[in-house]
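Worksheet: one structure, shown below.
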Amino acid sequence: MDKLAPIIGWMKRNKFWIGSSLLSILMLVGWYLASSSMQEAKSKQIREYTSSFSKIKSIKKVAAVTVEDGAAEKVVAHPNSTTEEKMLEQLEATADAVVKAWKIKRERQEPLMQFSKELLGEDTYQFLANSKAPELLTNGEHFGTQNEKYLKMFRQQIPKKVSQIARHVRANWEYDEERIEAELRREAKEREREEFGAGGFLGGGIPQGGFMGGMEIDTERNKYAVIWDKANQDLWRSLLTEFQNWDDNAKASVDPTLLQVHMVQQDVWFLEAMFDLIRQINGNATTNDLAVIKDIHHIAFGREARADLGVIMEADSRLGGAKMITENENVTDFSEVSSFDPGFGDVGETGPVEFDINADESPFHGRYVNVNLEPINAVDVRNAVGGDALPETNLELVVTKRVPFRLSVKMDERKINAFLALCANSPFEFEVLQLRINRDDELNPIVARGGKTENKSAASIEGMFGGAGMEAMMGEDLAAMAAMSAMMDGGMNMGPEAQQLKALEPSAVETRLSYDVDVEFYGVVKIYNPVRERFLREAIGLPVEGENEDSGDAGLDAVAVREL
C-alpha cells in the first residue's frame with residue numbers, strides 16, 4: 001500500500017489532465033465508431049438506390065407490344081407485383097359483373113327464341129333447334145338433300161306463325177288462311193240471312209257503311225284493331241316465301257338454306273315481340289277506333305331497316321367538312337347535300353366508303369351493326385361470335401348482336417312515352433334512337449333484303465340511301481323534285497310575311513277531336529349470345545378453375561337448342 005501511495009498522490013494532483021486525456025480518447029473512439037457506422041449506412045443506401053435505379057431501367061425496357069407483334073411502334077409497359085395483383089382484382093370484379101349481367105339478359109330472351117314445335121312438328125323442330133348457331137354456319141350449308149324435307153316444312157309453315165302473331169295483335173294480315181276461310185264462312189251466312197229476310201245488317205243491327213247516332217261507322221276498318229299496310233305485308237310475304245337466287249341460295253328448289261331459315265326466324269321473333277308490345281299498349285281494344293296504335297305503315301328489321309333517316313347522333317369527327325341538311329336550312333344547291341349515312345358506312349381518306357351488300361352471300365352480311373350503327377360484314381361477325389380470341393374490332397359482338405329496326409305507325413300521341421317505356425323494358429330491349437312525328441318518308445322506302453341484288457350480280461350501292469339500292473328506281477331528277485316538294489311544303493314557297501302569318505294561325509286545343517299522329521321509331525334491338533364465361537376469362541388473362549366451370553362455353557352449339 002505504501003508503494004502505491006506516491007502513484008495515488010500523483011493521480012490526485014493530475015486528475016484533471018488524466019480525466020481530460022481519457023475523455024479525449026473516449027471521444028476519438030466514439031467518433032471513429034460513429035463514422036464507421038455512418039459510412040456503412042451510406043454504403044447500404046447507395047447499394048439500395050443503385051438496385052432501385054437498375055429495376056426502374058429494366059421496367060422501362062419491358063414492352064407491352066413491339067413492332068414484331070404488328071404494332072406501329074413499341075409500347076412500353078410498367079408491371080410490378082403490386083399493380084399486377086390490383087389489376088387482377090379489378091379484372092376479376094369486372095369479369096364477374098359482365099358475366100352476371102350477360103346471363104340475366106340472355107335468360108330473359110331465351111323463352112322468346114324458340115322454333116314453333118306445334119307448327120313444324122317434332123322432327124323438323126329437333127333438326128333446326130339442334131343445328132349450330134347461324135353465325136357458325138357456312139354459306140349454303142343445309143346438311144345434304146336428306147334434310148331438304150325439314151327446310152321445305154319450314155317454308156310451308158312459317159307464314160302460319162306470322163298469321164298467329166297478327167291475330168294476337170288483331171291485325172289484318174292478308175295472308176291468314178284461317179281468317180280468310182272464316183270470313184268466307186261469315187259471308188256465306190250473311191247471304192243466307194239475306195235470302196231469308198234478315199236484311200243487310202251486321203251484328204248489332206248496324207248497316208254496313210251506314211250511320212249510327214249521326215256518326216258514320218267504318219265497319220270495314222273496325223273489323224280489326226290494327227290496320228297493317230298492304231305494301232309492307234307484301235314485303236314480309238316475300239321475305240317469308242321467296243328464297244331461291246337470294247343470299248347463299250343457289251339451289252334448284254324453292255326451299256331456303258339453313259342460314260336463310262335462321263335469319264327469317266330471327267325476324268319473326270322480333271315481329272312477335274314488337275306486336276306483343278302493340279297488343280299491350282292497345283289493351284283490350286278490339287276495334288280500330290278504340291286502339292292506341294291504329295295503323296302499321298311499315299315494320300322492318302336488319303338489312304330491310306337500313307335507310308338514311310337523318311342525324312341520329314353527333315357528326316363523326318372523321319367526316320371533316322361533310323354537311324348535314326336540317327329542316328330549317330334553305331337548300332338552293334342540291335350538290336351540297338351530303339350523301340353520308342351515319343349508320344351505314346365507314347369513312348376513308350377521301351370520304352364515306354359505301355358498304356357492299358353483295359360482297360358476301362351470307363344472309364347476315366350487313367344485318368348487324370356496330371355501336372356507330374355501321375353495318376358489319378359476315379367475316380367479322382363469324383370471327384367475333386365463334387372465334388377463339390377477342391377480336392380487334394366490334395368487341396360487342398362477343399356478347400350481343402345489334403339489329404336495326406324501323407316501325408312506322410299511326411297512334412295516339414299521348415301514349416308515345418308509354419310505348420317507348422314498353423320498348424325499353426321488352427326482353428329484346430328495343431332501343432329507340434330516333435323518333436319522328438308526322439314526317440313523310442317517301443324517300444326512304446323499305447326494300448327487301450336491304451338492296452342485295454338477285455342472282456348475286458354485282459351492284460353499285462350509291463346515292464343517299466345508305467345501301468338501300470333505290471338508285472335504280474329513283475333518279476336524281478326524281479330525288480330533286482321530292483326534295484323541292486318537301487321544301488315547298490315547309491313554307492319556302494311563301495314570302496316572309498306569309499310565313500309569319502302562317503306561324504301565327506291559332507289552333508284551339510278544345511276543338512281537337514283526334515290525337516292520332518304518324519310516328520316512326522328507329523333504333524336497334526339486341527340478341528344476346530350464349531354466355532361464354534370461360535372464353536371471356538381466358539381472353540383477358542384470368543385463371544379458370546375446373547373443366548366444367550361454364551356450361552355455355554363448351555361451344556355455342558351447347559346453347560343453340562335454346563337460341564335457335
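Enumerate the pairs (first residue in the stretch 373-401 and over 16 Å from Glu533 (Cβ atoms); second residue anywhere and in a helix (DSSP H, G or I) and of a type in the set (S, T, N, Q)) with beta-carbon separation below 7 Å, excluding pairs fewer than 6 apart on the same chain, so at least 6 apart or on different chains.
Partner pairs satisfying both residue conditions: Pro391/Asn383.
Has the stretch 176-188 got at least one residue that is over 27 Å from the mean Cα position of the chain (by Cα) and outside any helix (DSSP H, G or I)?
Residues of the stretch 176-188 that are over 27 Å from the mean Cα position of the chain (by Cα), as a first pass: 176-188.
After this cut, where a residue has to be outside any helix (DSSP H, G or I) as well, the list is 176.
The answer is yes; a qualifying residue exists.
One line per residue, one yes/no per condition, for (1) modelled with pLDDT under 80; (2) closer than 30 Å to Lys410 by Cβ; (3) more than 24 Å from the chain's Cα centre (by Cα); (4) not charged (D, E, K, R):
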| residue | (1), (2), (3), (4) |
| --- | --- |
| Ser514 | no, yes, yes, yes |
| Val519 | no, yes, no, yes |
| Ile527 | no, yes, no, yes |
| Val531 | no, no, no, yes |
| Glu538 | no, no, yes, no |
| Gly541 | yes, no, yes, yes |
| Asp553 | yes, no, no, no |
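Residue check, Pro79 against (1) outside any helix (DSSP H, G or I); (2) surrounded by 12 or more Cβ atoms within 10 Å (Cβ to Cβ); (3) at pLDDT below 85, all met but one. Which one?
Result: Pro79 passes all but (2).
Looking at (1) surrounded by 12 or more Cβ atoms within 10 Å (Cβ to Cβ); (2) part of a helix (DSSP H, G or I); (3) modelled with pLDDT under 90, which is the only condition Ala71 fails?
(2)
Can you confirm whether the stretch 384-400 contains a residue that is over 20 Å from Ala101 (Cβ atoms), of a type in the set (A, V, I, L, M, F, W, C) and either out of contact with any Phe, Trp or Tyr (no Cβ under 8 Å at 6 or more places or on another chain) or surrounded by fewer than 15 Cβ atoms within 10 Å (Cβ to Cβ) (or both)?
Checked against the condition, which is being over 20 Å from Ala101 (Cβ atoms), of a type in the set (A, V, I, L, M, F, W, C) and either out of contact with any Phe, Trp or Tyr (no Cβ under 8 Å at 6 or more places or on another chain) or surrounded by fewer than 15 Cβ atoms within 10 Å (Cβ to Cβ) (or both), the stretch 384-400 yields at least one hit.
Does any residue of the stretch 418-426 turn out to be surrounded by 17 or more Cβ atoms within 10 Å (Cβ to Cβ), assigned to a loop (DSSP other than H, G, I, E, B), modelled with pLDDT of 70 or more and among the small types (Gly, Ala, Ser)?
Yes; the residues of the stretch 418-426 include at least one that is surrounded by 17 or more Cβ atoms within 10 Å (Cβ to Cβ), assigned to a loop (DSSP other than H, G, I, E, B), modelled with pLDDT of 70 or more and among the small types (Gly, Ala, Ser).
Condition check ((1) more than 20 Å from Glu148 (Cα to Cα); (2) touching a residue at least 60 places away in the same chain (Cβ under 8 Å); (3) touching a strand residue (DSSP E or B) at 6+ places or on another chain (Cβ under 6 Å); (4) hydrophobic (A, V, I, L, M, F, W, C)) across all residues:
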| site | (1), (2), (3), (4) |
| --- | --- |
| Leu239 | no, yes, no, yes |
| Trp246 | no, yes, no, yes |
| Val268 | yes, yes, no, yes |
| Ile278 | yes, yes, yes, yes |
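Determine, yes or no, whether Asn358 is over 26 Å from Phe521 (Cβ atoms), assigned to a helix (DSSP H, G or I) and modelled with pLDDT under 90.
Values: over 26 Å from Phe521 (Cβ atoms): yes; assigned to a helix (DSSP H, G or I): no; modelled with pLDDT under 90: yes.
Spelling it out, it is not the case that Asn358 is over 26 Å from Phe521 (Cβ atoms), assigned to a helix (DSSP H, G or I) and modelled with pLDDT under 90.
Regarding Leu235, is this residue closer than 30 Å to Glu141 by Cα and surrounded by fewer than 22 Cβ atoms within 10 Å (Cβ to Cβ)? Steps first, please.
Details: closer than 30 Å to Glu141 by Cα: yes; surrounded by fewer than 22 Cβ atoms within 10 Å (Cβ to Cβ): yes.
So Leu235 passes the test.
Report, by residue number, each residue of the stretch 115-138 that is part of a loop (DSSP other than H, G, I, E, B) and touching a helix residue (DSSP H, G or I) at 6+ places or on another chain (Cβ under 8 Å). Step through it out loud before you land on a result.
Initially, the stretch 115-138 is screened for residues part of a loop (DSSP other than H, G, I, E, B), giving 115-116, 121, 130-133, 137-138.
Listed by number, the residues that qualify are Phe115, Ser116, Gly121, Asn130, Ser131, Lys132, Ala133, Leu137.
Somewhere in the stretch 274-293, is a residue assigned to a strand (DSSP E or B), modelled with pLDDT of 90 or more and buried (at least 17 other Cβ atoms within 10 Å of the Cβ)? Write out each step before concluding.
Here is the first cut: in the stretch 274-293, the ones assigned to a strand (DSSP E or B) are 293.
Within this subset, residues satisfying the condition of being modelled with pLDDT of 90 or more are 293.
Now narrow it down to the ones that are buried (at least 17 other Cβ atoms within 10 Å of the Cβ): 293.
Within the stretch 274-293, one or more residues are assigned to a strand (DSSP E or B), modelled with pLDDT of 90 or more and buried (at least 17 other Cβ atoms within 10 Å of the Cβ).
Quick one: would you say Ala225 is more than 26 Å from the chain's Cα centre (by Cα), aliphatic (A, V, I, L, M), closer than 30 Å to Pro427 by Cα and modelled with pLDDT of 70 or more? Steps first, please.
Details: more than 26 Å from the chain's Cα centre (by Cα): yes; aliphatic (A, V, I, L, M): yes; closer than 30 Å to Pro427 by Cα: yes; modelled with pLDDT of 70 or more: yes.
Yes.
Read through the list (1) at pLDDT below 90; (2) of a type in the set (Phe, Trp, Tyr); (3) surrounded by 15 or more Cβ atoms within 10 Å (Cβ to Cβ), then give the number of the only condition that Phe154 fails.
(1)
The values are calculated or read from the model by the stated rules, or taken from the named source; none is laboratory data. Being a predicted model, the structure only gives us computed values, none of them experimental. Neighbour counts run over all protein chains shown; Cβ positions are idealised from the backbone, glycine included.
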